[in-house]
Amino acid sequence: MKRTPALAVLGLFVLLASFLLSAPANAQGDSAKNFNENKAQFMVPLGDLIAEMEKDAQVKITYSDAVKPYLEEKVVMAPWKFWDDPKLRLAYMLAPLDLSFEQVDEKTFQIIVPKYHVRPESEAKAHLDRLLRQYSNRELWEKRVETLRSTIAEKFNLDPIPRDVLNPRLGEKRTYDGYTVRNVALEILPGYFMNGSLYEPLTDGKHPAVLCPHGHGEMGRFGEDQQIRSAVLARMGAVVFTYSMFAWREEESPLLHVDHNDQISGPIQTLQTIRAIDWLVTLPNVDPEKIGITGASGGGTQTFVGTAMDPRITVAVPVVMPSAHFFGGCPCESGVPFHVLNGLTCNIEIAAMAAPRPMKLIAVTQDWTKNTPEVEFPYVQKIYGYYGAEQNVEYAILDEPHNYKEGKRREMYPFMAKHLGLSMDQCDESKVTVEPLETLLYWGPNHENYPADAVQTLDDLKKVFYKK
């Protein structure tokens, strides 16, 4: 094929630009007017185009109620663009309205209203394959990790990570069968406190530490499942810190639950994980070389993002969350759109940044992690293969709903025990005492002990967090 020299193309471009710039203003205006008039004659309502396509191409096009408002919207569809290929034709029709579609079978297509936090499930494996072509070896992968980590840190306003205060405040210990609990408040930013519970084993010496972030369950860290997981890990020999999502329960501070919907929630929750480690490694009974983390759903997001951003985490078990097609629908997960950066990343690529550290993906058949055995795990295993560490990554898939109940915990406990040196002999959930919410509040039931000069509102927090 004969190629036009680049300089010749550039010369033509300059001549064309000169002509356009020298054209009379009224000529340019007439040209724009004619263009719009010509375009208008080919504007057709989407609903009409769908009906015509079903008739011409002998296909069926389905859609949900969410698509119905789009049916009256007009798009440009000139007759010569009625391609024989229904996929090409449908894509052209839908693109101006930011709609997409999935092919259900040979003759059926479903129109989809795109959501930022959802990629079409059918595209997940192809996307992972495209990512793998970018880094075919360890050296290229580690460059990708460096780029992703620095970009997320920048977008999260965590470059550098603020570490000017910490000021841990601890309540009195409460002793139970094989473990103790006490309430904690950490001042991770000037005037902003994260709240949590510290579970400790009764034995002396250095212990591994395990972070237990929670998901979007109504009770948060006060829920029964959260308390059981934390207490059992403590009985097994870990110092466990379970901490609250940003502005999740209004019993915790003057911040409101609605504040959780602000895009600051994701950065703050990542900061909380990092600052929690800053504190835990100072405790005399914690081994700083053994730090685990596990959480489900939104807590799973905190698990793999925290692991990606903080190399001090040595073992990770994200539960019912990492996926190649679903990013998390809460602002604390997708409010800062880092998934569209650096060649379109996804949650499973962020999770793979744990390599070669031990990680176990716990998935279920009843949510977006259902494809883990065929899609997500082979990709992650490939990344671990760059380090010769395939033995460090595992997965389990259960025929269960989206939660962190006993079945998932039974998959997590032995993995943590294996890689952190915990005792499975003390893995007995029947020994746990579930405490009432009021007992777990550091500031009191009505945060009556909350400092008057501390952060009181979301605006107060933003002034502190974004001041640099």
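Before moving on, here are some points about what is shown:
- Candidates in region 125-144 are the residues that are of a type in the set (D, E, K, R) and closer than 18 Å to His339 by Cβ; of these, the one that is surrounded by the fewest Cβ atoms within 10 Å (Cβ to Cβ) is Asp129.
- Where Glu102 falls short, out of the listed (1) surrounded by 12 or more Cβ atoms within 10 Å (Cβ to Cβ); (2) outside any strand (DSSP E or B): (2)
- The set of residues in region 426-450 being surrounded by 15 or more Cβ atoms within 10 Å (Cβ to Cβ) and outside any helix (DSSP H, G or I) consists of Cys427, Val432, Glu435, Leu441, Tyr442, Trp443, His447, Tyr450.
- Meets criteria (in the same structural domain as Phe377 (by TED's automatic domain parsing), in contact (Cβ under 8 Å) with a residue 24 or more places away in the chain and of a type in the set (Phe, Trp, Tyr)) for Phe109: no
- Subset tally (residues that are under 26 Å from Tyr243 (Cα atoms), of a type in the set (S, T, N, Q) and assigned to a helix (DSSP H, G or I)) for region 121-170: 2
- Residue within region 377-387 that is under 26 Å from Val232 (Cα atoms) and surrounded by fewer than 19 Cβ atoms within 10 Å (Cβ to Cβ) present: no
- Matching entry among Ala396, Ala389 (being in contact (Cβ under 8 Å) with a residue 12 or more places away in the chain, of a type in the set (Gly, Ala, Ser), in the same structural domain as Arg357 (by TED's automatic domain parsing) and over 25 Å from Arg130 (Cα atoms)): Ala396
- Residues of region 105-120 that turn out to be of a type in the set (Lys, Arg) and part of a loop (DSSP other than H, G, I, E, B), as a count: 2
- With respect to the conditions (1) in a helix (DSSP H, G or I); (2) at pLDDT 90 or above, Ala91 lacks only one, and its number is (2).
- The set of residues in region 169-217 that are surrounded by fewer than 15 Cβ atoms within 10 Å (Cβ to Cβ) and either touching a strand residue (DSSP E or B) at 6+ places or on another chain (Cβ under 7 Å) or not assigned by TED's automatic domain parsing to the domain that holds Asp425 (or both) comprises Leu170, Glu172, Lys173, Leu202, Lys206.
- Test: Asp105 is at pLDDT below 95 and either more than 30 Å from Tyr379 (Cβ to Cβ) or not β-branched (Val, Ile, Thr) (or both): yes
- Among residues of region 230-268 being among the charged types (D, E, K, R) and either outside the structural domain of Asp453 (by TED's automatic domain parsing) or part of a helix (DSSP H, G or I) (or both), the one that is nearest to Met219 (Cα to Cα) is Asp259.
- Selection count where residues are hydrophobic (A, V, I, L, M, F, W, C) and within 29 Å of Pro356 (Cα to Cα), scope region 394-447: 11
- Among the candidates Glu349, Glu333, Glu400, residue that is within 30 Å of Val258 (Cβ to Cβ) and either assigned to a loop (DSSP other than H, G, I, E, B) or within 12 Å of the chain's Cα centre (by Cα) (or both): Glu333
- When residues of region 241-266 are limited to those that are buried (at least 19 other Cβ atoms within 10 Å of the Cβ) and aliphatic (A, V, I, L, M), the one nearest to Lys463 (Cα to Cα): Ile264
- Of all the listed residues (Thr282, Thr270, Thr307), the sole one being of a type outside the set (Gly, Ala, Ser), buried (at least 24 other Cβ atoms within 10 Å of the Cβ) and either farther than 28 Å from Leu148 by Cβ or out of contact with any Gly (no Cβ under 8 Å at 6 or more places or on another chain) (or both) is Thr307.
- Any hit, region 218-240, residues being touching a residue at least 40 places away in the same chain (Cβ under 8 Å), more than 14 Å from Tyr413 (Cα to Cα) and surrounded by fewer than 20 Cβ atoms within 10 Å (Cβ to Cβ): yes
- In region 429-468, the residues that are within 22 Å of Pro160 (Cα to Cα) and in contact (Cβ under 8 Å) with a residue 40 or more places away in the chain: Val455, Leu458, Asp460, Leu461, Lys462, Val464, Phe465, Tyr466, Lys468
The values are calculated or read from the model by the stated rules, or taken from the named source; none is laboratory data. Note that this is a predicted model, so its numbers are computed, not measured. All Cβ positions, even for glycine, are placed from backbone atoms using ideal geometry, and neighbour counts span all protein chains on display.
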